1. How high is the relative contact order of the stretch B:479-552, in percent, with contacts defined as C-alpha pairs under 8 Å that are six or more residues apart?
2. Order B:614-624, B:669-679, B:766-776 from most to least packed using the mean count of other Cβ atoms within 10 Å.
3. Going from most exposed to least, what order do B:I128, B:I821 have by accessible area with a 1.4 Å probe?
4. Taking amide H positions as placed 1.01 Å from N in the peptide plane, with prolines and chain starts having none, which residues 5 or more places from B:V206, or on another chain, fall under 5 Å of its amide H?
5. Nearest 100 Å² is fine: what is the total accessible surface buried where chains A and B meet, probe 1.4 Å?
6. How compact and how long is the stretch B:502-624, expressed as Rg and Dmax of its alpha-carbon atoms in Å?
7. Partner chain Cβ atoms within 10 Å, averaged over the residues of B:41-54 - can you pull that number for me?
8. State the answer as a single residue: which of B:V460, B:A533, B:L485 lies farthest towards the positive end of the charge dipole of the stretch B:457-594, with beta carbon charges of +1 for Lys and Arg and -1 for Asp and Glu, about the Cα centre.
Amino acid sequence: MAEAPADHEVTRLIAAWREGDEGAREALVERVYANVRAIAAQSLRQMPGATLSATDLAHEALIRLLGSDAAWSDRRHFFHVAAQATRQILVDAARQRLASKRGGGAEKVELDAALGVAANDGDAELVRIDDALRDLQQSDARRAQMIELVYFGGLSRIEVAQALQVSEGTVDRDLRLARAWLRAALEA
Amino acid sequence: MNAPLLDALAPHFERLRALDPAQRAAEIDELPLDAAARTRLTRLLAADDAGGDPLADAIARGAARLHESTSREFGAWRLVRELGAGGMGTVFLAERADGQFERQVAIKLLRGFPTREATRRLRQERQILAGLDHPNIARLLDGGETAEGQPWLALEYVDGVPLLEHVALHAPTLRDRLALFEAMLDAVAHAHSHLVVHRDIKPANVMVATDGTVKLLDFGIARLVEAGEESHRETSTRVFSRGYASPEQEQGLAITTASDIYSLGVLLREMLEGRRDAGDLRASPITPLRLDADLRGILAKATEADPARRYASATEFRDDLRRLREGRPVRAARWTHGYRLRKFVARHRLGFAAAALAVFVACAFVWRLERERTRALAAEAAAQQAAASAEREASRARASLDFLSDAISAAAPDVAMSRQVSVRDLLDAARAKLAARDDPALVRPMQRLLAHLYGDLGDVGTALQLMRDGLRDAQPADRAEALRLAGDYDEYASELGIKGDVDAALDAAQRAADWRARFAPDDRVERLRSRQALALVYHRGGDDERAIALLREALAEAKALPSTPLELYTGITQALAALLATAGEADEALAIAEAGLARVDAERPRESPEHVLLLRSKANAKSAGGEPAEAERLLREAIALQQRVVDPGGARMMELTNDLAIAVNDLGRYREAAELLRESDRHMAGAGIDGAADRAVSEGNLAAVLENAGDYATAIGHYDNAFALLDGAGVGADHQVRRRIEREQARTLGLAGGHARALERLTDLRARALRIDGEASGEYAMLTWQLVVLARNMHRPDDGLALLDEAERLWHALAPAEHPIFLHMRRARGAFALDRGDVAGAERELRAAVAGFEAVGAQPIDLSIARSELAAVRLRAGDRGEARALLAPALPVLREAMLPQEINRAAAERTAQQLGLR
């Protein structure tokens, strides 16, 4: 129901954002955020127990909000936002789960077991990745953004090259280094 | 590690990662870096070497758990399985997590994540909904928010099937369907009394439980969702379901209890007929019931576009249905009929004393023909075909075009398309040539094209045969072909309708609509064509109300759509004007016809077929509005144009001549009208129109005029012909056309002296009118009046006066006081007074009648009859002078219009004889 007017609205927001309107960016992030959540909820509905990668989330958010044939310039801007929103959602959820677990939810663990989902510490790892990525952003914004676009936004190396207007070789090199850096940071 | 450092390490990292570990260590030592930087580089290279992608793994696990967390915790409830999903969220079957007691509930997870303020409002609303306690409402039992703040509700779980599925499965009787629906109305009334509006009543929200109880689901939930979404306004949409939502809801206006009434009305129609409205073209598994006028009136009232005109409450709606079930008169229907009749009666100045004629409406739909259009059609067909992508198609189109020009030059090598060669000659030549071909890929499209042209010409028989052959095995491959075939099927439907095969016509129109919906879902002009075609079929099936509703929508859409072709616009305009005029809505019909005429004249020369078409619409509106003289003028203009510009025969001339006969009859020139009707009949035969309804109307018209002229015996014969036609077509006893004709024949019998049979027939008809139309209906009032007239002819003042009192009371509710019917009633009172020997009383009544007819400028025939009656009374009183003065001017009028045996003229002739007048 909301799709039709939303399409138009998203395009408008992206245009405003390109012209430097930070409010539009905020609105866009909020929109993407809501959408990614909705998609996650829906995927559960369609196939309970199934998983959906962050890439799928961002891609589906893109298609839902922009349509599959949106202009590349719109897609490029959108991907920045989608990747950030997806990251934020995943990390927020992980933090929330960690918090509720610390709250001593024995029942929750039981429920997890009942539904056949092994409890794991992926949540803690996700939070650490987020922290490390934030550090990298401070010192090396371009490489941090590449990580975000690839891991949370689901972009291919070619798309990243176009989005950041660098060569594909640069993307490969930067990604290799950033990945190694993150991994080293996590193992520290 | 800071940025410049990482950049500084980058080239080394790239070079060294390609080397083997031993070489790498050696090279690092050589680099001009400090110890810390060397350590970092070493660690980066080691991390690069490690397998796997922990980053991707962690993110994937996080995403997977994101879904889980949205679904787990719903207070005391544990999910069992998913039941479904809709616009408002997802529904799960759930049971008590603690197993405390065995109860299953439906958990509804609402979409969206509300703000804190919205959550607060949502809780408030939940409290109100939890207060609803009714056996036909699924209760709200519990509710809350998930850990992430997504709201959920626990509702009474109804084990059963959705309402429409139940109806489709069990095909309940009308009575049972109404009983189910009344229970729904009870539930809605309960909720409304708690100030809860459902807002989203639709088939999916009504279940029939296994024990047969009907339950409404999701009461007020739409409001909950909206309450939850008000925070982020730009994503918020109102929850409603298109097709069931009221106009105010779709327009974003205030939603009230009347909005639920509307949706209920739509749902009831779907329960009864399998469709939501006249424009609903979906296939439905529900066997439609035949709805009578009362029920249609109820549905119309519930689904009025203006909320103020709907039922004021669910209780009122339910009461009306109960009345209907118990066979008592219904408020909605009474209002509708009374309202209509009042307008109709107010405008038909004549026709209530004399027999009235009926208009052909449906043939008007086939009113198109001109040489330009013939060419345009051929060019259009070729262009459409050429536009089709397939090479095969294109070559076929060329072949078609070649064929057509061949045929045309063969018919008239030197004067092709000139005025001297009639279109029919060309078509006959083309058809003859076509019969010699046997390539179906060429022959079928050409047959269809020729069918259109013959249809335009009014030769329905030939058109139908060609179209049937041309459509054999037709199956569209692409959009262009689907639209072309849909046009062909519309034409086919129209022709079948004219022939009286309504079911086949409906099938054909439906197929055209389906193809358009499938191949060109966004094309609004094409949808207009479907609506027009369906409206015609509805009219043919006797459902004018539905036809009018559909055409009204179509006209509004056509006006809003700049791309509507003129031909389509005029088609819709004239059909709507014709049906409205027939229904007595003369003002609206006239306004529509004049607007259409203005548009046509702006775009076409005055001698265009469209101009003729709308001139006729205007004339009919004038006729319905009680201006027969103006109608006559316009029709004579239209006939002259038609003969000059188009064709001196065919369906159009039949209609125009029939219309003219009606105007002339209304003007009291009965013998002239009879002659015109015979001419119209000849045109009808020439055009090959032999549908039962049209022929019955034609026979009935001729009978009515003959009756007015006084040729009762011949009139009765024509009425019998009409009945035979209706019987042959299986038209039922209660069909309005049949009842009208029966009424007229009974009256004729009375005039011809068959008093006993007339009395029996009129009494029976009146009892049926009471049952079918109600006491407040025009039909009932009319029959009461006919009984008065019969009593007058039978000289039974006692029965007559009692009936007259009743008739007067009934008519006062229907017609304004200045209506001529009341003057005719005075004539009747005068006659009864005379029967009782009260000459003074008779004189008083008849003087009043004469003065009344003079004052209102009545038709000469009415005034002359009243004067001749007063003359007879004055003669009886011995005043020969006044009697002569009254009769002398009346006599020529009566003699001109009527045969000697017509009862009014016969009476006048007797008086004249006594007076020595010649």
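The values are calculated or read from the model by the stated rules, or taken from the named source; none is laboratory data. Worth saying up front: this structure is predicted, and the values here are computed from it rather than measured. Note that we place each Cβ from the backbone using ideal geometry, even for glycine, and neighbour counts take in every protein chain shown. Note: accessible area is taken over every heavy atom of the protein model, side chains too, but ligands, DNA and RNA are not part of it. Shrake-Rupley method; radii C 1.70, N 1.55, O 1.52, S 1.80 Å.
1. It rounds to 32 percent for the stretch B:479-552.
2. Ranked by mean Cβ neighbours within 10 Å, highest first: B:614-624, B:669-679, B:766-776.
3. In descending accessible area the options line up as B:I128, B:I821.
4. B:L163, B:L217
5. Buried: approximately 4600 Å² between B and A.
6. Radius of gyration, then largest Cα-Cα span, for the stretch B:502-624: 14.4, 43 Å.
7. Per residue, the average neighbour count from other chains is 4.
8. Positive-most Cα among the choices belongs to B:L485.
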